[in-house]
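The values are calculated or read from the model by the stated rules, or taken from the named source; none is laboratory data. Note that this is a predicted model, so its numbers are computed, not measured. Here the Cβ is made from the backbone with ideal geometry for all residues, glycine too, and neighbour counts use every protein chain on show. Accessible surface is based on the protein model in full, side chains and every heavy atom, while ligands, DNA and RNA are left aside. Shrake-Rupley method; radii C 1.70, N 1.55, O 1.52, S 1.80 Å.
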Amino acid sequence: YRQENEMNTKSPSKVANLSGQLEISRVILSKRQLDSSKTLKVPMQVRIELPMDIAVPLFKKVEITLGIVKLASHSLQLCRNTLSTVWKLKPYSELLYSFNTRAGNTLSLEQLFASKYSTSVAQAIVSLWDQERTAYFEDALNILREEFLFTRSKEISAQLITSPYSHTESIDEATVTLFEPFKQLMSAYEKILDEFHESNSFILNTVKEASNGSKVQNSILAPDVGGSYIRRSVWKKVSSWQYCTTNLNFQLMTSKFFPFNEVLNVSKDDYASSVEDDLDKAIEQCEQADIHCAFHVTLGCPAAHELKYSDGGLRRIFAEIPDAAQKLRWMHAIQSASSLALVELFGFFPREAISLFGSVNNKPLSFIVKDELALIVKRKFEISRRIDMCGSQALGCAVTIVRGVCTLAALYGGNYMDILARSLSTGFLIMFQSMLSTSGDELGMIEDLELASFWLSLVAIRLVVVPPGSIEVEDNRGASPRKSTTSPTVMRGVGDGIICQKDMAGRLVVDIELTSNEARAVEEASEYMKHFNKPRSASDNGYIFEGPIVMTTTTKETKGYNPKVFAVCELFSVVFTQGVNEMQTVANKRGLHVQTQIDINNTSLKRLEEYYSYSKAALQHQLAVKAPEYFQNYLNNTPPRMSTFSPPKNAHISTSSTINFSDGRSSISAVAAKVELMHDRMLEYVRKSVADSANHPSEKHSNVLLKSSSLCRALGGTIAVLCKSGKDRTSMSVTLETTRCLVEDLGVLNGQEICEIMRQQGVRRMNVYANTGQSMYAFNPLQRSFLPACYRPPVGSYAGNVTS
């Protein structure tokens, strides 16, 4: 036992001064003593007599006793093992903590997993795009060649009739002007097709080798802990990784709360050392264990790093199209293999077409004039390639979040089941928390991020269980793109646990494979909300597809792929961004594109207000269908974890997302009013933070990130924390967000110290090592000084010579 040495002792020989600390007592314990009892009281040997207080001259014998309490949780161990079994992946870093709270202690397990969806989503979606676009380009080339040959033959025949003695050479020279546009257009198609095939083959082969672990020599982590899934931050500009999400991880802080009375007398059942092998029984025990879990996703910014930002990102490309839904229509038309939707938009919105594709004599390019059509095809390919890269990376993050929510609901039930039920009805809320600056290339990344986030509105998610005999899925996993002149009836891209295809309306449909336990949780949540109808506000113009998903159903067309669909849902994403580094300081002082940051936050605020109206209606529906005896629990001061599904007894209440109903009011309207009031206050805090950032643009406003993340969590959303590489500034933010969850939900004390410990000793140091081969955050002392105080790394945990 040591105490900080703040006094000047006159007899240093009497004490052992170690690193500026004063040793006042000592005890040596054997391992046998520690193992023999969970609670241990041991008298300590006094090394130095403490001076008597003159104000209180009491003569007492100095006695010091060491108390040791051993905390153990079989349920926490079960959750740890079960999660690894469900995800078929071990965490590549984990650490066990015990935190003090106002009412006891926690046993908290911090884990960091690499997400397989970084590569599997890229594998599936690139394969799908390759199939449909290859078929379209080959058909278009065949038609163009036939038209060219017919026109050439017709022209030659006409000239031979009028000039029967003309030579073939003179005929060719005379018709070269007519045929040149054909040649330019065919050349454009062929060049795009060859480039598309070459890049896609390279990408898919790289992803396939990474997924099966056959090519991980450049990875720092072993394949069994996800080394083959991580796109390292130093590979941001490597061509073969452009469609994979950079440094995609999901981070968990799983905590078991022990009241003071249990701390000194831990039950034998909870201390059992055996691990249950039966997965169903293990999950049932996890549901009854009163486990709190803080879940975050971290990643590098979804952006087209290879294409660079000389002309800006997607936001700047679509800057002349103010309406959000209209941007979605253009992106969907540009990405479509067919040009029919694009022709329609050219006709109805010529000014927007000119801003995207250019003009001739102040008129949009024509699809009839062959040389102008060649320019349209080239520009379409350029824009679609950037959208593809950014969208694929954002989708990898979104799929990780959806699967994570399903897993937590199946494992822990309670509040996570409530979140799953609302998300299936209103859309999975995803908040991209960006710490990018508005200077240099990072400005282009922010511009890509905003449109990539909004692009997710075009995606429909199906939660499915795939029958084990699905030959089509097994045969196509990791398949390289095929070049065929025959278009397949059904085009489908397949990755590990993911299937991408298009419905009859051309909407991208992503199937996420679930385990049987996750599927049961989804089915129960869907059944509970089956009578809920999502309201549509006047501003709800984010979706361009109307009506249900309609897929091909015949056995011949589906090729044996008939999954059991448990739910169909949407994605609802927002972006809140605030630069925090030294480059943002420079940008603020010089006024460099700070307004872009403000505009993005204002747009996201409006979208968040829209989602809030949906979430409020869904929550009221949940409260309305609760059984009367459930509300009686609130009157008895024994509320469950805000759960609508068989809640465990004596559960701890999360103060951030629920309210302790102790005033005796049991009516549904009173409960709904309390929750609504709390969320209204949170929304008002977000509005104020965004308004402050607009009124004082020369300052950094961290509250924009903190207040918005609090509201998103309260609404059941998930925070996706990102910066350029997803390791340094991201680590500072995710440790802060995790600490806030512990403090607000479990009442953990000394949050600032805990945050420092997690940054110094926690799993994020391993993430830095997995990306760069060094465990130090990439900050130098000057850069650290420009960071807001809440985002500064501890002394000794950073260095200026780390590659980003």
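Note on the range 331-357: residues that are of a type in the set (S, T, N, Q) and in contact with a Ser or Thr (Cβ under 6 Å, 6 or more places away or on another chain) amount to 1. Determine whether the range 334-356 contains at least one residue that is in contact with a Pro (Cβ under 8 Å, 6 or more places away or on another chain) and part of a loop (DSSP other than H, G, I, E, B). No, the conditions are met nowhere in the range 334-356. For the criterion of being out of contact with any Gly (no Cβ under 8 Å at 6 or more places or on another chain) and modelled with pLDDT under 85, Y271 passes. Restricting attention to the range 680-695, the residues being open to solvent by less than 10 Å² (accessible area, probe 1.4 Å) and farther than 26 Å from D448 by Cβ number 1. Being open to solvent by 10 Å² or more (accessible area, probe 1.4 Å), out of contact with any strand residue (DSSP E or B) (no Cβ under 7 Å at 6 or more places or on another chain) and modelled with pLDDT under 95: is that true of G312 here? So G312 does not fit the description; no.
Taken residue by residue, the range 607-616 has at least one member that is over 21 Å from L705 (Cβ atoms), surrounded by 18 or more Cβ atoms within 10 Å (Cβ to Cβ) and either at pLDDT 90 or above or not small (G, A, S) (or both).
Within the range 367-380, the set of residues being over 12 Å from L185 (Cβ atoms) and surrounded by fewer than 19 Cβ atoms within 10 Å (Cβ to Cβ) comprises just one member, R379. Scan the range 93-109 and tell me whether some residue there is over 12 Å from T254 (Cα atoms) and open to solvent by less than 10 Å² (accessible area, probe 1.4 Å). Yes, the conditions are met somewhere in the range 93-109. Considering the range 696-796, the qualifying helices (runs of 4 or more DSSP H), each wholly inside and each with 2 or more residues that are surrounded by 21 or more Cβ atoms within 10 Å (Cβ to Cβ), run over 703-714, 729-746, 751-761, 764-772.
In the condition set (1) small (G, A, S); (2) modelled with pLDDT under 75; (3) closer than 30 Å to L71 by Cα, A16 is compliant with all but (3). Just one residue in the set C406, C390 is under 21 Å from L451 (Cβ atoms) and either surrounded by 24 or more Cβ atoms within 10 Å (Cβ to Cβ) or of a type in the set (K, R) (or both); that residue is C390.
Would you be able to tell me the number of residues in the range 330-339 that are within 21 Å of Q501 (Cβ to Cβ) and either at pLDDT 90 or above or touching a Cys at 6+ places or on another chain (Cβ under 7 Å) (or both)? So the count comes out to 6. The one condition from (1) closer than 15 Å to G444 by Cα; (2) over 23 Å from the mean Cα position of the chain (by Cα) that T577 does not meet is (2). Number of residues in the range 315-352 that are open to solvent by 10 Å² or more (accessible area, probe 1.4 Å) and either closer than 22 Å to Q595 by Cα or among the small types (G, A, S) (or both): the value is 15.
Taken together, A617, A587 contain a single residue that is among the aliphatic types (A, V, I, L, M), out of contact with any strand residue (DSSP E or B) (no Cβ under 9 Å at 6 or more places or on another chain) and within 22 Å of M678 (Cβ to Cβ), which is A617. Looking across the range 577-599, the residues that are assigned to a loop (DSSP other than H, G, I, E, B) and open to solvent by less than 30 Å² (accessible area, probe 1.4 Å) come down to Q578, G579, V580, N581.
If you filter the range 224-260 down to residues that are charged (D, E, K, R) and part of a loop (DSSP other than H, G, I, E, B), you find that the one that is farthest from S120 (Cα to Cα) is K237.
Determine whether the range 761-770 contains at least one residue that is among the basic types (K, R), farther than 15 Å from F295 by Cβ and either at pLDDT below 95 or out of contact with any Cys (no Cβ under 8 Å at 6 or more places or on another chain) (or both). Checking the range 761-770: at least one residue is among the basic types (K, R), farther than 15 Å from F295 by Cβ and either at pLDDT below 95 or out of contact with any Cys (no Cβ under 8 Å at 6 or more places or on another chain) (or both).
Is at least one residue of the range 422-442 under 18 Å from L705 (Cβ atoms) and assigned to a helix (DSSP H, G or I)? Yes, that holds for at least one residue. Against the numbered list (1) open to solvent by 10 Å² or more (accessible area, probe 1.4 Å); (2) of a type in the set (G, A, S); (3) out of contact with any Lys or Arg (no Cβ under 8 Å at 6 or more places or on another chain), G358 comes up short only at (3).
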